[in-house]
Amino acid sequence: MTDTPEQERINAGLKRIRTFRKSLGVIVLGFIPVVYLLYLLELDEWLFMSLGVAWVCLGVVIELVIGFSRCPACRGYFHVRGMTGNIFARKCMNCGVPLKPQV
Ligand SMILES: [Zn+2]
């Protein structure tokens, strides 16, 4: 079965959102190991703090990108509906298209 160009566009958009969510997971779960690794390297305090802050800033930027990502199907914000937002939503909060393709 081949997907229509419209379905392929939607799948590509959903894959992009999934990739950003995985990246955020890596940033969050990797924080402690990275900080520990930097600690073991015995860097100067200012460099240690700068790298730690940069790591957190990277996570915040990715979180903002995820929060403002548009649903490829309805063009609304995927994780926001009205004044309600849920960055862990597995479906579009506006049209309900699932983030993972149905099996
Ligand atoms: Zn949608």
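The values are calculated or read from the model by the stated rules, or taken from the named source; none is laboratory data. Here the structure is a predicted model, which means the values were calculated and not measured. Reconstructed Cβ throughout: ideal geometry from the backbone, glycine too, with neighbour counts over all protein chains shown. For accessibility, only protein heavy atoms count, side chains too; no ligands or nucleic acids. Shrake-Rupley method; radii C 1.70, N 1.55, O 1.52, S 1.80 Å.
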Practice task
Give the angle, between 0 and 90 degrees and rounded to the nearest 10, that separates the Cα long axis of helix 45-67 from the longest principal axis of the Cα atoms of the chain.
Solution key: 10
Fill in the blank from the handout: Of every hundred units of 1.4 Å-probe accessible area on the chain, the number belonging to carbon and sulfur atoms, as a percent, is 66
Handout entry: Cys residues of the chain counted as unpaired, since no other Cys beta-carbon is under 4.7 Å
Key = Cys57
Handout entry: Between helix 5-40 and the chain: long-axis angle, C-alpha atoms, 0 to 90°, nearest 10
Key = 10
Handout entry: Full-extension gain in nm, Asp44 to Asn11, via 0.36 nm per residue minus C-alpha separation
Key = 7.3 nm
Practice task
Compute the distance in nm between two label points, each set 7 Å from the Cα along the Cα-to-Cβ direction, one at Met83 and one at Arg70.
Solution key: 2.6
Handout entry: Solvent-accessible heavy-atom area per residue, rounded to whole Å², over the chain at 1.4 Å
Key = 74
Handout entry: Spin-label model distance (nm) - Leu51 vs Thr19, 7 Å beyond Cα toward Cβ
Key = 2.7
